[in-house]
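In what follows, a single structure is set out as structure tokens and then discussed.
The values are calculated or read from the model by the stated rules, or taken from the named source; none is laboratory data. The structure displayed is predicted, hence computed values, not measured ones. Backbone-built Cβ (ideal geometry, glycine too); neighbour counts: all protein chains shown. Keep in mind that these areas ignore ligands, DNA and RNA; they rest on the heavy atoms of the full protein, side chains included. Shrake-Rupley method; radii C 1.70, N 1.55, O 1.52, S 1.80 Å.
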Amino acid sequence: MRDLFFVIYLAGFFALGLKRPFLLVLAYAYIDIVSPQRLSYFLLNSIPISAIAFGLAVLGWLIADDKAELRPSVRQILMLTLLSWCAYTTMNADFPLEAMTKWDWVWKALIFAIFLPLTLRTRLRMEALAVVLVLCASSIIITGGMKTLLSGGGYGVLNLMVADNSGLYEGSTISTVAIAIIPLILWLTQYGTIFPPDRFTKLFGWALCGACLLIPIGTETRTGLLCILLLGGLMLMRTQRRFLYGGMLGIAAVAAVPFLPSTFTSRMDTIENYQADESASTRVAVWQWTWGYVKDHPAGGGFDAYLGNSFRYEKTQMVGPPGAQTLERNIVVDKGRAYHSAYFEMLGEQGFPGFLLWAMIHGLSLARTEWIRRHYRRRDDPTKAWVAPLALALQQGHLVYLLGALFIGIAYQPFIFMLLALQIGLSTYLARQRRHEEAVPIFAPRAAKGVTA
């Protein structure tokens with residue numbers, strides 16, 4: 001029955017796309033985020049629905065879309081350059097077979113991110129993409145939030161619809177994404193037009209924000225907690241009564257501690273003393289190895305170059321009953337451990353050139369959204385009132401991602417690249433609007449015959 005539901009739903013999505021080709025773009029975004037083929041038992045597993053959706057989306061754009069004033073942005077060119085560099089490092093990878101496996105999905109994520117801004121020509125299309133991104137992520141987030149309330153969750157225990165610890169179904173990744181989309185959810189509840197900002201929409205939006213905050217608790221991820229703290233600070237910076245609201249949030253956080261699972265609080269304690277936690281200690285050791293590796297291999301080692309690492313480190317922890325604890329030191333030997341950081345993932349796999357391209361893409365995106373926010377925040381035009389808040393929401397979500405990326409290998413995460421594409425689409429849309437406004441001739445009124453002006 002589940003398979004039949006997905007088949008009927010996707011068939012309906014594609015059928016609607018025949019009349020409105022942009023819906024085929026949204027269909028591909030849905031498939032890429034939710035991965036219904038992984039939720040299916042057998043019907044969708046044998047069909048390349050992702051490739052079919054992308055092919056139809058491009059075909060629909062070529063046939064029906066308006067391509068006037070089609071100008072690629074600098075960030076799209078940088079993405080294309082990064083894609084070419086990834087292809088080069090894949091051909092010269094330390095582990096060719098493993099590198100090809102990762103290349104199979106990375107190039108699709110980059111190509112779609114380059115293509116997507118070309119289709120975002122109107123506010124309605126940008127809002128539609130934002131709605132699809134939020135709702136697709138919420139299909140996982142709401143499930144995880146409900147299970148957290150009912151069972152309390154647990155590290156590596158919370159099942160997010162599939163028993164597959166990859167993509168958005170991985171605990172730290174969904175925790176980062178869940179917190180990153182909260183500003184976008186709030187923007188949709190205030191400025192959305194597809195779902196008008198009525199009482200029901202706002203109620204659903206606030207409830208969804210609550211579910212997003214539950215995900216780091218249910219997955220017991222330290223990354224999620226840090227993302228919550230960062231987003232709280234960013235949002236307080238934009239409020240007039242920041243000290244009042246900050247104090248209220250602090251009191252609420254302290255009051256919530258007794259209700260949190262004991263396993264969650266004990267895991268969060270390892271943030272302060274990472275040497276006592278093998279997972280955190282391993283990450284530091286991998287980062288040290290990666291830095292030494294990239295100094296000897298400036299061009300990187302291709303995808304999954306971490307398989308060649310081997311190191312040893314000292315793990316320290318206090319053992320024994322309270323009052324009589326002793327310091328215990330253990331030597332841990334490990335090899336072939338993943339980067340657990342998007343920054344070191346890019347360094348180790350793509351070297352300094354790839355890391356520089358990746359950093360420029362994110363840096364330019366943050367700078368551009370800040371320029372848009374400042375330029376449009378005090379516009380008198382009511383039709384542009386939504387622009388600055390959207391730029392701020394995208395900027396805040398982007399900063400949350402960059403923090404989460406410090407601790408998880410999500411340098412090529414398709415969902416994040418779609419958010420980047422939305423930022424590019426907003427920038428190019430506004431640039432076209434400004435060009436049109438500047439092109440409108442302004443004529444002085446001509447004086448009537450025989451009358452002096």
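Give the accessible surface of the range 168-225 per residue, rounded to a whole number of Å², with probe radius 1.4 Å and ligands, DNA and RNA excluded.
36
Ranked highest first by the average count of other Cβ atoms within 10 Å around their residues, in what order do 192-204, 216-228 fall?
The peptides rank, most packed first, as 216-228, 192-204.
Can you give the extra length, in nm with one decimal, that the chain gains between Met91 and Ala207 once fully stretched, where that is 0.36 nm per residue apart less the Cα-Cα distance?
Extending this stretch completely gives an extra 37.0 nm.
For a distance above 21 Å, tell me the whole-number percent of Cα pairs in the range 1-104 that qualify.
It works out to 54 percent of all Cα pairs.
Roughly how many Å² of Arg123 are accessible to a 1.4 Å probe, to the nearest 10?
For Arg123, solvent-accessible area is about 60 Å².
Residue by residue, what Karplus-based ³J(HN,Hα) values in Hz, rounded to whole numbers, does the range 112-119 have, using 6.51, -1.76 and 1.60 with θ = phi - 60° and x for Gly and Pro?
5, 5, 6, 6, 4, x, 5, 8
In debye to the nearest 20, how big a dipole does the range 1-78 give about its Cα centre with +1 on each Lys and Arg Cβ and -1 on each Asp and Glu Cβ?
Dipole about the Cα centre, nearest 20: 60 debye.
Using the beta-carbon distance between Tyr9 and Leu124 and R0 = 35 Å, what value does 1/(1 + (r/R0)^6) give for FRET efficiency, to the nearest 0.05? Mind dumping the intermediate values first?
Numbers: r = 22 Å, r/R0 = 0.64.
Step by step, r from the Cβ atoms, then E = 0.95.
Would you check the accessible area of Glu98, probe 1.4 Å, heavy atoms only, in square angstrom rounded to 10?
Rounded to the nearest 10, the figure is 70 Å².
Carbon and sulfur atoms: what percent of the 1.4 Å accessible area of the range 66-135 do they account for?
Of all accessible area on the range 66-135, carbon and sulfur atoms account for 69 percent.
Leaving ligands, DNA and RNA out of it, rank Met100, Met126 by accessible area with a 1.4 Å probe, largest first.
Met100, Met126
Order Val58, Val286, most accessible first, counting only protein heavy atoms with a 1.4 angstrom probe. Numbers along the way, then the final one.
On the way: Val58 40, Val286 0 Å².
Of Val58, Val286, the descending order of accessible area is Val58, Val286.
Which of the residue pairs Lys19/Lys202; Lys202/Lys384; Lys108/Lys384; Lys19/Lys384 have a Cα-Cα distance greater than 23 Å in the structure shown?
Those over the limit are Lys19/Lys202; Lys108/Lys384; Lys19/Lys384.
Please list Met360, Met79 in order of solvent-accessible area, largest first, computed with a 1.4 Å probe with all protein chains present. Could the numbers behind the result be given before it?
Values: Met360 80, Met79 0 Å².
Ranked from most to least accessible, the order is Met360, Met79.
From the phi angles alone, apply the Karplus equation (6.51, -1.76, 1.60; θ = phi - 60°) to the range 222-227 and give each ³J(HN,Hα) in whole Hz, x where the residue is Gly or Pro.
Running phi through 6.51 cos²θ - 1.76 cosθ + 1.60 with θ = phi - 60° gives 5, 4, x, 5, 5, 5 Hz.
Which value, in debye to the nearest 20, gives the size of the charge dipole of the range 65-162 about its Cα centre, when Lys and Arg are +1 and Asp and Glu are -1 at the Cβ?
280
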